[in-house]
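Inspection log for the structure reproduced underneath, given as structure tokens.
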Amino acid sequence: MPSGKTHLRIELLLLPVWVALFYLFIDTSWHTGALFAGTYLFSSLLLSPDLDLRHNRSRRRWGFLGFIWIPYTKIFKHRGVSHSLLFGTLTRLGYLAILALLITFGLSFFRMISFDPLTAVPLDLKLVGILVAGLWLPNIIHVLVDRGHSALRRRV
């Protein structure tokens with residue numbers, strides 16, 4: 001398989017292409033383009049499908065918070081669901097959401113914060129679409145590079 005560095009290089013080389021396509025076909029405002037690019041970078045650097053490996057650069061990039069991914073490595077086997085085009089990003093986002101909810105409910109229980117899910121701010125569907133695209137594209141690229149590399153190796 002290509003190394004994590006190779007995956008990251010490919011993802012980062014494609015970022016200007018995606019931003020240009022985003023600007024040309026979706027939205028010409030700089031702040032939505034910046035939001036897309038920011039979520040794309042976040043996903044490329046911190047939400048790699050390789051977070052299911054015990055030792056990897058993505059986990060090290062989390063710094064002292066890297067320990068939060070230890071249970072994830074126990075739950076998901078490498079190149080399993082975490083490398084799915086559809087469910088890969090969902091597993092990592094769902095995992096982070098569960099952690100965030102546990103922390104939020106814990107802080108709310110001890111009255112350190114006030115949390116009422118019924119008063120949540122309504123979602124802007126365009127904003128959600130931009131976030132989803134920025135988070136999913138690096139995962140799709142990573143998985144397709146892995147699959148392409150495997151297919152080439154089988155032919156040789």
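The values are calculated or read from the model by the stated rules, or taken from the named source; none is laboratory data. Keep in mind the model is a prediction, meaning the values are calculated, not measured. In this analysis, Cβ positions are derived from the backbone assuming ideal geometry, glycine residues included, and neighbour counts consider all displayed protein chains.
Details
- Across segment 36-54, the qualifying residues are those that are of a type in the set (Gly, Ala, Ser) and assigned to a helix (DSSP H, G or I), and the one among them that is surrounded by the fewest Cβ atoms within 10 Å (Cβ to Cβ) is 38.
- Restricting 75, 130, 103 to residues that are at pLDDT 80 or above, surrounded by 11 or more Cβ atoms within 10 Å (Cβ to Cβ) and closer than 19 Å to residue 11 by Cα narrows the list to 130.
- Subset tally (residues that are in a loop (DSSP other than H, G, I, E, B) and among the charged types (D, E, K, R)) for segment 1-35: 1
- Across segment 9-58, the number of residues qualifying as touching a His at 6+ places or on another chain (Cβ under 9 Å) and hydrophobic (A, V, I, L, M, F, W, C) comes to 2.
- Selected residue [closer than 13 Å to residue 49 by Cα, touching a residue at least 12 places away in the same chain (Cβ under 8 Å) and not in a loop (DSSP other than H, G, I, E, B)] from 93, 85, 99: 93
- Some residue of segment 73-93 being over 30 Å from residue 154 (Cα atoms) and in contact with a Leu (Cβ under 6 Å, 6 or more places away or on another chain): no
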